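All remarks here apply to the structure that follows.
The values are calculated or read from the model by the stated rules, or taken from the named source; none is laboratory data. A quick note: this is a predicted structure, and the numbers were derived from the prediction, not measured. Reconstructed Cβ throughout: ideal geometry from the backbone, glycine too, with neighbour counts over all protein chains shown. To get the accessible areas, we keep the full protein, side chains included, count just its heavy atoms, and leave off ligands, DNA and RNA. Shrake-Rupley method; radii C 1.70, N 1.55, O 1.52, S 1.80 Å.
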Amino acid sequence: MNTFDRYAPFIQDYIYQNGWESLRAVQAAAADVIFHTDENLLLTASTASGKTEAAFFPILTLFTEEMPASVGAVYIGPLKALINDQFSRLNDLCREAHIPVWHWHGDVSASHKSKMMKHPSGILQITPESLEAMLLHKHSAISRLFSDLRFIVIDELHSLMRGDRGGQTLCLIERLCRLAGANPRRIGLSATIGDPRDAGAFLSAGTGRSTIVPKLPQGGVRWRLSMEHFYTFPPTNPGAPTKIHNQPAEEMPSADDALSPKTDTAPKEADPGIGYIFEHTRGKKCLVFVNSREECEAVTTTLRQYCEARNEPDRFLIHHGNLSEAYRETAEAVMKDEEQFQTTVTTATLELGIDIGRLERAFQIDAPFTVSSFLQRMGRTGRRELPPEMWFVMREEPPEARSLLPVTIPWKLIQGIALVQLYVEERWVEPPRLDALPYSLLYHQTMSVLASCGEMTPAQLASRILTLHCFQRVSQEDFKILLRHLLKTEHIQYTEAGGLIVGLAGERIVNNYKFYAVFQENEEYTVRAGSEELGTIVKPPPVGEKIAIAGHVWLVDEVDHRRHMVYCEMIRGKVPAYFGEVAGDIHTRILERMLQVLCEDKSYPYLMKHAVARLATARTSAKNSGLTDRKLICLGGNMYCLFPWLGTYAFLALERFLKLRCGKRLGIKGLDSSRPYFIQFVMTVSEQEFWDILTEELQKPIDPMSLLYPGEVPIFDKYDEYLPEALVKKGFAYGVLDIRGMREKMLSAHPASRTKT
């Protein structure tokens, strides 16, 4: 019996109604695994390849043969918008077979949820946060709701593999299955998995099953890709309007188009890169991706100013996680409307699999942080038989004539090229990051389990928490330290019978709706210098780091996380990027490929005219300075610049190692980092002595705790502030700093070691 014949009749009818002449390879492969094995399944195929249908066609067929006595399948999606989209699609599919489809998140009506509670059946679609809330508030009903749970489908699996949210999801699945007495199979869906073996191990964690990853035929994919470079020229006369062009949009035009003079006026602070996007979105349906919420707001405002200056109707929408539901759903609805040609400026919120219709192209301002993000964003286009199309817009302030070496390198342009080439040449995508010590998540799950289950002895609580796969690296001693601290701070308390319950301070945390999420919300901190209020920032850096606000650079003296206050003092100098801004962790492999971009004499077909010219000048600068051969460059006198080509966390370890372990011996002063690209400093030793001393120190044992600054408590994850200082420090030192990666790379960087090899 072939796959199509094995499908339930209503599935066959659905295929006929949609005019499919044959099943796709991913559908045949998924059916073979689901019908003929009892293992977990990971489906990795391109965006819009039919992965969701591939998973649910055989699942629903099995349901019609023996209907589950409870909810039979849970679909976990990372975004409410994605769940809403899939809810409509699955409803259409399941209606004829009378298989209910339920969705459950913060925007779903109470009446819909109440019906599911009364009649648990079919498919439940839910976000990790809503599943957390369900386990917390519907604890006693879980066994009834999910007693016959057979499948858990996790969509956009890659988005959960590098942070606490993925760990939370696995914890919730394990807790749900224990309460329900069920052992469902797991099915992961993703378009951007690097090493399927690592992803399969992540998916199967704690199940006792293996994961089958079908090998699907890799057909040639045609991309429409361009990358252009722009200098952001400030107006020479602040009172005079800047000109923008008014030429017909051409396919993959040169940056010259955005600089052509025209009598029409633009906003005073017109940016040629934004003007380029403005012109080449006209009459088309596009997405413009940016890397932060703040930039999303700024770019949207500028584009709307262009519309006003040109007397054109506003054709730009905005979409990011901090907007209200109404704004987000309006943008989604407009983008789905085939008759409207508008452009949405967005962050990662539209990066994932929600179907927003026929998009003609995507723009990316500057380089994203990961190959995975690049692939996801480009994959938003290319549906409905069109090739995926992305236009990179790389913007850079023009370096001054006397600028030193590091400023003359267009880092975002080089990073963008590296991201593309890594995938084109090697099909490389970031691996999962599974070596963290998730103490913030440990607090969260401890409080959640205690709040949902009620009074428990310390031993019972430990057995519930430490047996979750996510906490396999957490020792019993660490857990004792956490419980003692929570008792001291009244987050938990003893009962007269000697059991533990949530304390008064803990209730204020657990009873807040924000408790359901483990990712950090964008909470504003007020910045003060003495009695003067300077403004607000989001996610402040640790003490000793710098921030830029109110036109000056400030050194952070104190961060009060309870009152959301930052106290600082003014200093001179240039502000570097700080750790908290580096979203997603730039991998060392990307930095290595960036160096190769500067070293190789190779052209890239997607580079436009000005990007080609800018790359050529960067390569010349790198070669003439010796950057292509050496990692340490003298900028003049006793000022040096170190280019380690390390990813974010290895770079962070090196920066601290230089300050705390080598600083005195090297005579380092004024160390200033632009993470993760370069470190500038003044030192009293020679270049040869630098490498000798660094190598000598690297060959000694390195205690990760020694790389913490005196008095530092590096709070970065959401619930770190409720942890004992010892665990915060340990989690950062052992789970964040990549000492091994730093040591291996820098030992091989010594000129003598390179000569020997």
Compactness of the range 382-482 as Cα Rg over 2.2 N^0.38 Å, two decimals: 1.92
Report the full-extension gain for the segment Tyr734 to Ser292: residue separation times 0.36 nm, less the Cα-Cα distance, to one decimal in nm. 156.3 nm
Based on the Cβ-Cβ distance from Asp5 to Arg473, what FRET efficiency comes out when R0 is 41 Å, to the nearest 0.05? 0.30
Say R0 is 60 Å: what FRET efficiency, to the nearest 0.05, do Thr232 and Gln17 get from their beta-carbon distance? 0.70
Provide, as a two-decimal number, the C-alpha radius of gyration of the range 697-757 over 2.2 N^0.38 Å, N being how many residues it has. 1.47
Mean separation of Cα contacts under 8 Å (at least 6 apart) over the residue count of the chain, i.e. the relative contact order in percent, is 11 percent
Label-to-label distance, nm, for residues given as Ala616 and Lys480 (7 Å Cα→Cβ offset): 6.9 nm
Run the numbers for Ala69 and Trp223: contour at 0.36 nm per residue of separation, minus the present Cα-Cα distance, in nm. 50.8 nm
Rounded Å value of the spacing that divides the Cα centres of the range 14-70 and the range 120-149: 23 Å
If you only keep lysine pairs separated by 8 or more in sequence, or across chains, how many in the range 72-226 come under 29 Å at the Cα atoms? 7
Heads up, the range 559-706 by the C-alpha gyration tensor (a ≥ b ≥ c square roots of eigenvalues; a/c under 1.5 rounded, else a/b over b/c prolate, else oblate) looks oblate
Once ligands and nucleic acids are excluded and a 1.4 Å probe is used, how much of Glu697 is accessible, expressed in Å² to the nearest 10? 10 Å²
Show which aspartates and glutamates lie in cross-link reach of Lys623 when reach means a straight Cα distance below 16 angstrom and same-chain residues fewer than eight apart are skipped. Glu600, Asp601
Residues with amide H under 5 Å from that of Ile318, placed H, sequence gap 5 or more: Val345
Spin-label point model (7 Å from Cα, Cβ direction): what's the Glu338 to Gln493 distance in nm? 6.3 nm
Work out from phi, with θ = phi - 60° and the Karplus expression 6.51 cos²θ - 1.76 cosθ + 1.60, the ³J(HN,Hα) of each residue of the range 607-614, listed in order in whole Hz, and give x for Gly and Pro. 6, 8, 3, 6, 5, 4, 5, 5
So with the 1.4 Å probe, I'd like the accessible area per residue for the chain, rounded to whole Å². 42 Å²
So Ala110 and Thr301, fully extended at 0.36 nm per residue minus their Cα-Cα distance, gain in nm 65.1 nm
Spelling out what I want: for every residue of the range 635-641, take phi, set θ = phi - 60°, compute 6.51 cos²θ - 1.76 cosθ + 1.60 (Karplus), and round to whole Hz; glycine and proline get x. 8, x, x, 9, 9, 10, 9
I'd like the carbon and sulfur percentage of the solvent accessible area for the chain, probe radius 1.4 Å, heavy atoms only, ligands and nucleic acids excluded. 50 percent
Given a Förster distance of 35 Å, the FRET efficiency implied by the Cβ-Cβ spacing of Arg95 and Arg178, rounded to the nearest 0.05, works out to 0.55
Name the long-range amide H neighbours of Arg185: under 5 Å, sequence gap of 5 or more, or other chain; modelled H, no Pro or chain starts. Phe151, Ile152
Mind jotting down the distance between the C-alpha centroids of the range 688-744 and the range 166-194, whole Å? 32 Å
Loop only by DSSP, 10 or fewer other Cβ within 10 Å of the Cβ. Give me the GluC sites (Glu not before Pro) in the range 390-448 that pass, ordered by residue number. Glu400
Run lengths n ≥ 4 of DSSP H only: what is the helix-derived mean residue ellipticity at 222 nm for the chain, with -39500 (n - 2.57) per run over all residues, to the nearest 500? -11500 deg cm²/dmol
Could you tell me how many cubic angstrom of Cα convex hull volume the chain has per residue? 181 Å³
Please give every one of the lysines within straight-line cross-link reach of Lys480, meaning a C-alpha to C-alpha distance under 25 Å, and leave out same-chain neighbours fewer than 8 residues apart. Lys488, Lys718, Lys729, Lys730
Just to be sure I follow: if Rg is taken over the C-alpha atoms of the range 34-105 and Rh is the Kirkwood radius over the same atoms, what is Rg/Rh? 0.94
Could you order Cys634, Cys662 so the one with the most accessible surface comes first? Probe is 1.4 Å. Cys634, Cys662
Kirkwood Rh, Cα Rg: Rg to Rh for the range 334-449? 1.09
Using the Cα atoms as the points, what is the convex hull volume per residue of the range 1-132 in Å³? 123 Å³
Given contacts defined as C-alpha pairs under 8 Å and at least six residues apart, what's the relative contact order of the range 452-536, whole-number percent? 19 percent
When the distances between all Cα atoms of the range 613-679 are binned every 5 Å from zero, what whole-number percent does each bin get? 3, 15, 23, 24, 19, 10, 4, 2, 0
The range 655-672 - phi-based ³J(HN,Hα) in whole Hz, Karplus 6.51/-1.76/1.60, Gly and Pro as x: 4, 6, 4, 5, 5, 8, 9, 10, x, 5, 5, 8, x, 7, 9, x, 5, 9
Inter-site label distance for Ser748 and Phe519 at 7 Å from Cα along Cβ, in nm: 3.3 nm
